[in-house]
Amino acid sequence: MICCGYMWKSGGEDLQGFYPVRSECVADVPRTRFKSRAGKTLSARRWHAAFTEDGHLDMERVLRRIQRGGIHPSIKGEVWEFLLGGYDPDSTFEERNILRNHRREQYYAWKEECRQMVPLIGSGKFVTMAVVAEDGQPLEESSVENQGWLVKTAITDKRLLQWMLVLSQIGLDVVRTDRYLSFYENESNQARLWDILSIYTWLNPDIGYVQGMNDICSPMIILLEDEADAFWCFERAMRRLRENFRTTATSMGVQTQLGMLSQVIKTVDPRLHQHLEDLDGGEYLFAIRMLMVLFRREFSFLDALYLWELMWAMEYNPNLFASYEKPENRGNFSEQDPRLLKKYGKFERKYVKSGQNEQHNTLAVFVVASVLETKNKRLLKEAKGLDDVVQILGDIAGNLDARKACKEALKIHEKFLKKANRQ
C-alpha cells in the first residue's frame, strides 16, 4: 500500500504510514497508541528467523513475541494467517504453497460462479441499490448507482433471491467502512471488499450477511494483497465469530457472549452488576458492538489490529488448523503433553490445564469486562439510566490502551476462574 496522506510518528518509526488517513479526516480519527518496541514487537527479521530451512515455524517463539508487543505492520497479514488457523506451523514452505494455490483456485472458482449470477462481481464496481424486487421480479428501471445492471428475469430460487436482495446492503456498508483511510478512496478496493463479502454470503446462507462483517473483513483486504488470501483469512476469522452474527426473528447469536459477560461481572464485581441490573442493563446489550466487531469503534485502526492479534495469540490453540481441516479428529488431540502446552496462548493454556477445553468464554468477553472495570467508579456514580451507560462507554473511544486492556482482561479471567471454582 502506498503511503500518502496524514501519518503519525510512533516510537521513532512512521507506523501509521502503513495505513494512511485522508487529510480531511485526521481530526475525527482516534489517536494511535501502538508503538513498535524493539525487543518486544514481532519484527520482520524475528518472524523470518522463526522458520526452519524447510519452513517449519517455531510458533511458541512467535506467540511469546506477539503477546509481549504485537506484530509489526509490514508482516501482519502473513502472521495472521497462522494465528487464525489458516496454516499449520508444522508444515513446510512447499506444503503451504500447494495449499495456498489450491485455496486460490477454489476462491476464484467460487467468484466465477457468483459472477455468472451477478456480472458486477469481479468488475471493480458494486451496487448500493436493489438489483431485484423482494418478490423476485425484475425492477422496472436501471440506475447509475447500480452501474446499469439489474436482474432481467424473475428469480424463483429462494437461496439466490435471498442473496441478491442483500447485495445492496453489503454495498451500503462497504461505502461506510473505514472511509477515513486513503486505501478506500480507490473504488476498486471497495469493490474487492464487496466481492469477498458477497461471495462469503453466497457460500454461507445459514448466516448470510450481517452488518459488522464488513468491519472484520476490511483489515484482511488491506493486509493481504491477493484477494483470495484475504478471503481465506476472513473465513478463518469468521469461524471464531460467526455464531455472534447468527440471527433469528427472536434472538441474536451474540446474546450467548452477553450472557457470559453478565456472569463474569456478576462474579467479579457484584456491586457493578447489581447497579446495571437496576438500570435494566443486566442483559448488557450496550456491549453488543464491542463483541460483534471486536472493538473496531473503540480503537484507532492500528490499535484495533494490535488488540486483535494480542487476543488471537493469547487464545491460540496448536490444534486449530487440524480442527478446521479435519473436524472429524477434533476430539483426538492430546493436550496434556507439557511440550505441547507451551504452544498454546496464555489464555487458552489455562483452560487446557484445568481440563476445561470444551466450549468456553472468549478473551473478548473479559476485555469488555476490563473496559467496564476501568469505568467502574463513573458507572456507579453517574449512570442513572442506560443512556448514561452508553455515553460513559462512548467516551473511551481513542482513550483505551490495547495492551493494558488485555492485561486487565487476564487478571479478571484469573479472578473469575478462582471465584467460579469456589462456588
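The values are calculated or read from the model by the stated rules, or taken from the named source; none is laboratory data. Keep in mind it's a predicted model, so treat the numbers as computed, not measured. Positions of Cβ are backbone-derived with ideal geometry, glycine not excepted, and every protein chain shown enters the neighbour counts. Each accessible area value is taken on the protein alone, full model and side chains, heavy atoms only, with ligands, DNA and RNA left out. Shrake-Rupley method; radii C 1.70, N 1.55, O 1.52, S 1.80 Å.
The table for this structure:
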{"item": "Counted residues, segment 177-197 - those being of a type outside the set (A, V, I, L, M, F, W, C), on the phi < 0 side of the Ramachandran plot and within 17 Å of the chain's Cα centre (by Cα)", "result": "1"}
{"item": "Helices (runs of 4 or more DSSP H) enclosed by segment 184-254 - at least 1 residues per element that are closer than 24 Å to HIS72 by Cβ, of a type in the set (Ser, Thr, Tyr) and touching a residue at least 40 places away in the same chain (Cβ under 8 Å)", "result": "213-223"}
{"item": "Output for segment 186-201, where each listed residue is out of contact with any Gly (no Cβ under 9 Å at 6 or more places or on another chain), open to solvent by 20 Å² or more (accessible area, probe 1.4 Å) and not polar (S, T, N, Q)", "result": "none"}
{"item": "Residue list for segment 89-126, filter: open to solvent by 30 Å² or more (accessible area, probe 1.4 Å) and touching a Cys at 6+ places or on another chain (Cβ under 9 Å)", "result": "GLY122"}
{"item": "Residues located in segment 10-44, provided they are at pLDDT below 80 and touching a helix residue (DSSP H, G or I) at 6+ places or on another chain (Cβ under 8 Å)", "result": "SER10, LEU15, GLN16, PRO30"}
{"item": "Residues of segment 255-288 that turn out to be charged (D, E, K, R) and touching a residue at least 40 places away in the same chain (Cβ under 8 Å), as a count", "result": "3"}
{"item": "Residue match in segment 39-50 (condition: of a type in the set (Phe, Trp, Tyr) and surrounded by 17 or more Cβ atoms within 10 Å (Cβ to Cβ))", "result": "yes"}
{"item": "Scope segment 130-149; condition out of contact with any helix residue (DSSP H, G or I) (no Cβ under 8 Å at 6 or more places or on another chain) and modelled with pLDDT of 85 or more; matching residues", "result": "ALA133, ASP135, GLN137, PRO138, LEU139"}
{"item": "Residues of segment 329-369 satisfying the condition of being modelled with pLDDT of 80 or more and farther than 30 Å from GLU298 by Cα", "result": "LEU341, LYS342, LYS343"}
{"item": "Single unsatisfied condition, GLU24 versus (1) over 23 Å from the mean Cα position of the chain (by Cα); (2) touching a residue at least 24 places away in the same chain (Cβ under 8 Å)", "result": "(2)"}
{"item": "Qualifying residue in segment 50-70 (condition: hydroxyl-bearing (Ser, Thr, Tyr), without any contact (Cβ under 8 Å) to a residue 60 or more places away in the chain and farther than 24 Å from ILE221 by Cα)", "result": "yes"}
{"item": "Filtered residues of segment 97-131 (kept if among the polar types (S, T, N, Q) and farther than 16 Å from ILE196 by Cβ)", "result": "ASN97, ASN101, GLN116, THR128"}
{"item": "Single residue of segment 280-325 satisfying the filter (part of a helix (DSSP H, G or I) and among the charged types (D, E, K, R)) that is surrounded by the most Cβ atoms within 10 Å (Cβ to Cβ)", "result": "ASP303"}
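Here's the yes/no breakdown for (1) modelled with pLDDT under 95; (2) touching a Pro at 6+ places or on another chain (Cβ under 9 Å); (3) over 23 Å from MET238 (Cβ atoms); (4) outside any helix (DSSP H, G or I):
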residue: ARG46; (1), (2), (3), (4): no, no, yes, no
residue: PHE82; (1), (2), (3), (4): no, yes, no, no
residue: SER91; (1), (2), (3), (4): no, no, no, yes
residue: GLU95; (1), (2), (3), (4): no, no, yes, no
residue: ILE98; (1), (2), (3), (4): no, no, yes, no
residue: ASN101; (1), (2), (3), (4): no, no, no, no
residue: TRP110; (1), (2), (3), (4): no, no, no, no
